[in-house]
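Colleague: First the structure, then my questions, so here it is.
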Amino acid sequence: MERHHEGGCEELKSFLRLLGKEIKDLDDADEETYDLYAQDLPSSDLGIIDPKTAELQLTVAGRELTIHQSPGILSSARAGGTTGAGAPSSSLSSMTTSTTTTTVIELGAGTSAIVGLLLAPRVGRYVLTDQAYVSKLVERNINENWSSVVQQQQQQQQQQQPSFVGSGGGGGQGGKGKKGGGKGSKKASSSSSSSSATEEKGPGERLVFRALDWEQDTPTSSLAQPVAASFDLVVACDCIYNEALVDPFVTTCVDICKLRGSGSTTTTDNGGRPTVVVVAQVLRNSDVFEAWIKRFVQDFRCWRVPDDLMIDGLKSEGGGGGTSGFVVHVGVLREGN
């Protein structure tokens, strides 16, 4: 069976070089844990914005969102955890580069659907996954925010487009440019309106929720279908806080990455690119982090995203000499797995 790795794509190799030092083995994992927890980290809970509120009004990356959560579940002693029932604050800064053909799966997405709502309009398919009990709230948040998110993105894109009216150097050229530009603008506007009308009806297959229990389920290509047979990107946003779930989490990441090298998913389908795993988390318990990083490097080549590639709110060195308490790692499945 063919296994893809980072050598199959020059763009990915260039990106990984930007990340700097690779965390290669258990000794490097020990060093990574020490380096991160030697910082003066801010105190942090599980990141729920307001566990007693059923509805939150948020502004995320310039998008106005209404997010519903479940205070009842959050305050319960439900087996398997309850943090997915709330809107985690760390989701507010978790964004990743994507294209309109990218297929993305998010693990431990919880109920808010925030990352998916922000990224889905820009990718081919975004699959939110978590345990089945969160599905109703996830779908409610998707349905109530989708049209607004799409409209806001289109408005932002229109504002960023340069104006060509009167841009010609001479009077005659300028006049022709204006006339031609007017027709082009009308055609583009018509196309945009048609696309907008379709998008506002709902995300369709672009943004969906699928139940996926790391301890019980094995990911299959059906998660990516009908758009693709595998995923370009695995996203995990602040869902590593329980040491007992470290091994099931990493195993699930491995299973998803292996979809790229199975069946009909060949280099002709994805340009030889392997699935990339992006894990963003808040630094809390050092023992849990150490358990995760040591388990992760067994199956993945791993890099920490350096500060010069992070937005200000996520950089390790914050204002006044403090630290943000956030960290993002990138992983690519080791060759031969």
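Colleague: At each listed q (0.15 Å⁻¹), what is the log10 of I(q)/I(0) that the Debye formula gives for the range 109-156 modelled as equal alpha-carbon point scatterers?
Modeller: Computed log10 I(q)/I(0) values: -0.37.
Colleague: In the structure shown, do any of Lys136/Lys294; Lys24/Lys136; Lys136/Lys315; Lys24/Lys315 have a Cα-Cα gap over 30 Å, and if so which?
Modeller: Checking Cα-Cα distances, Lys136/Lys294; Lys24/Lys136; Lys136/Lys315 exceed 30 Å.
Colleague: Along the range 19-24, what does the Karplus equation 6.51 cos²θ - 1.76 cosθ + 1.60 (θ = phi - 60°) give for ³J(HN,Hα), rounded to whole Hz, x for Gly and Pro?
Modeller: Working through the residues one at a time gives 6, x, 5, 7, 8, 8 Hz.
Colleague: Then there is this: Can you put Tyr241, Tyr126 in order of accessible area, largest first, using a 1.4 Å probe?
Modeller: Details: Tyr241 90, Tyr126 0 Å².
Accessible-area ranking of Tyr241, Tyr126, largest first: Tyr241, Tyr126.
Colleague: Can I ask one more? Could you list which residues have their amide H under 5 Å from that of Arg284, counting only those 5 or more apart in sequence or on another chain, with H placed in the peptide plane?
Modeller: none
The values are calculated or read from the model by the stated rules, or taken from the named source; none is laboratory data. Only a predicted model underlies this, so the values are computations on that prediction, with no experimental measurement involved. When the accessible area is computed, the model is the full protein with side chains, heavy atoms only, and any ligands, DNA or RNA have been set aside. Shrake-Rupley method; radii C 1.70, N 1.55, O 1.52, S 1.80 Å.
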